[in-house]
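Take a look at the structure below.
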Amino acid sequence: MVDTDSMRLELSAQTDAGRKSLLGQFLTPSPVAHFMASLFRPSPFKECRLLDPGAGIGTLSAAFLDRCISEGLNFQRITVDAFEIDDRLEPHLIRTLEACRQHLFYESTVRGRDFIEAAVATLAGDLFAEPLPRYTHAILNPPYKKMRSDSPYRSDLRSVGIETVNLYSAFVALSLELLEEGGQLVAIIPRSFCNGPYYRPFRDLVIS
């Protein structure tokens with residue numbers, strides 16, 4: 001088991017509230033991450049392709065990999081795609097993923113790219129962008145921040161049929177769209193998506 005909590009507490013203390021608000025950033029406590037990982041069911045897939053968008057310091061990926069070791073989620077091959085645009089966190093993310101390799105062989109890619117832009121480009125079939133794979137599993141604690149009506153994200157998301165007003169629902173919607181049929185997703189999302197007309201398209205996507 002890789003302990004990321006001391007790293008999380010240290011980084012949270014060093015990061016000012018304004019930056020956290022700008023990024024909608026909330027690093028996941030390790031016990032919460034392990035509870036989330038416990039929610040995945042045994043899968044018929046022989047190859048696991050895990051998506052961790054907004055990976056932070058890698059706590060969620062580490063918890064999923066711990067689950068693969070301790071509870072026998074048996075895959076012949078595991079790959080992890082971890083997105084993180086905060087360059088201050090990327091070295092810690094790489095360190096976490098490297099530490100996990102002491103207990104389990106797997107391949108990982110750390111993408112210092114904007115997840116929304118990368119996912120939209122793939123779903124739109126952009127010939128000039130590197131396409132993302134279809135994932136069998138996704139685990140995420142997405143950023144929690146509203147999008148302005150004139151945000152470029154809004155028009156980008158609309159171009160692939162996603163209408164939403166918040167980054168967390170955008171991350172979840174895109175992750176769902178990138179899943180293989182029969183894939184599994186576990187995410188932290190606030191209950192606000194259950195209410196009001198603004199989130200109706202997102203609700204329709206989740207239950208479709």
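The values are calculated or read from the model by the stated rules, or taken from the named source; none is laboratory data. Because the structure is a prediction, the values reported are computed rather than measured. Neighbour counts run over all protein chains shown; Cβ positions are idealised from the backbone, glycine included. Note: areas computed on protein heavy atoms with side chains; ligands, DNA, RNA excluded. Shrake-Rupley method; radii C 1.70, N 1.55, O 1.52, S 1.80 Å.
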Taking the conditions exactly as written (of a type outside the set (A, V, I, L, M), within 28 Å of residue 153 (Cβ to Cβ), modelled with pLDDT of 95 or more and open to solvent by less than 10 Å² (accessible area, probe 1.4 Å)), does residue 108 satisfy them or not? no
So, residue 51, is that one closer than 15 Å to residue 183 by Cβ and either at pLDDT 95 or above or surrounded by 24 or more Cβ atoms within 10 Å (Cβ to Cβ) (or both) or not? yes
Selection within segment 54-79 - surrounded by fewer than 14 Cβ atoms within 10 Å (Cβ to Cβ), assigned to a loop (DSSP other than H, G, I, E, B) and either modelled with pLDDT under 90 or of a type in the set (Lys, Arg) (or both): 71, 72, 74
Quick one: in segment 192-208, which of the residues that are over 14 Å from residue 161 (Cα atoms) and small (Gly, Ala, Ser) is nearest to the chain's Cα centre (by Cα)? 192
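Quick one: is residue 79 touching a residue at least 60 places away in the same chain (Cβ under 8 Å) and of a type in the set (Ser, Thr, Tyr)?
Here the answer is no, as residue 79 does not meet what is asked.
List the helices (runs of 4 or more DSSP H) that sit entirely inside segment 116-208 and contain at least 3 residues that are free of Cβ contacts under 8 Å to residues at least 12 places away in the same chain.
In segment 116-208, the matching helices (runs of 4 or more DSSP H) lie at 152-159, 200-207.
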So, residue 82, is that one at pLDDT 90 or above, more than 25 Å from residue 38 (Cα to Cα) and of a type in the set (Gly, Ala, Ser) or not? no
Given the criterion touching a Phe, Trp or Tyr at 6+ places or on another chain (Cβ under 6 Å) and not small (Gly, Ala, Ser), identify the matching residue among 109, 122, 136, 96. 136
Considering residues that are closer than 20 Å to residue 90 by Cβ and open to solvent by 30 Å² or more (accessible area, probe 1.4 Å), the number found within segment 115-140 is 2
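Right, residue 165: closer than 19 Å to residue 26 by Cβ, open to solvent by less than 60 Å² (accessible area, probe 1.4 Å) and modelled with pLDDT under 95 or not? Outline the logic, then answer.
On the way: closer than 19 Å to residue 26 by Cβ: yes; open to solvent by less than 60 Å² (accessible area, probe 1.4 Å): yes; modelled with pLDDT under 95: yes.
Considered against the rule, which asks whether it is closer than 19 Å to residue 26 by Cβ, open to solvent by less than 60 Å² (accessible area, probe 1.4 Å) and modelled with pLDDT under 95, residue 165 comes out as yes.
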Please pick out the residue among 128, 105 that is touching a helix residue (DSSP H, G or I) at 6+ places or on another chain (Cβ under 9 Å) and not β-branched (Val, Ile, Thr). 128
Can you list residue pairs whose Cβ atoms sit under 8 Å apart, with the first residue in segment 42-57 being without any contact (Cβ under 8 Å) to a residue 60 or more places away in the chain and within 12 Å of residue 142 (Cα to Cα) and the second being among the charged types (D, E, K, R) and open to solvent by 10 Å² or more (accessible area, probe 1.4 Å)? Count only pairs 6 or more apart in sequence or on different chains. 55/84
Given the structure, is residue 88 basic (Lys, Arg) and either in contact (Cβ under 8 Å) with a residue 60 or more places away in the chain or open to solvent by 40 Å² or more (accessible area, probe 1.4 Å) (or both)? yes
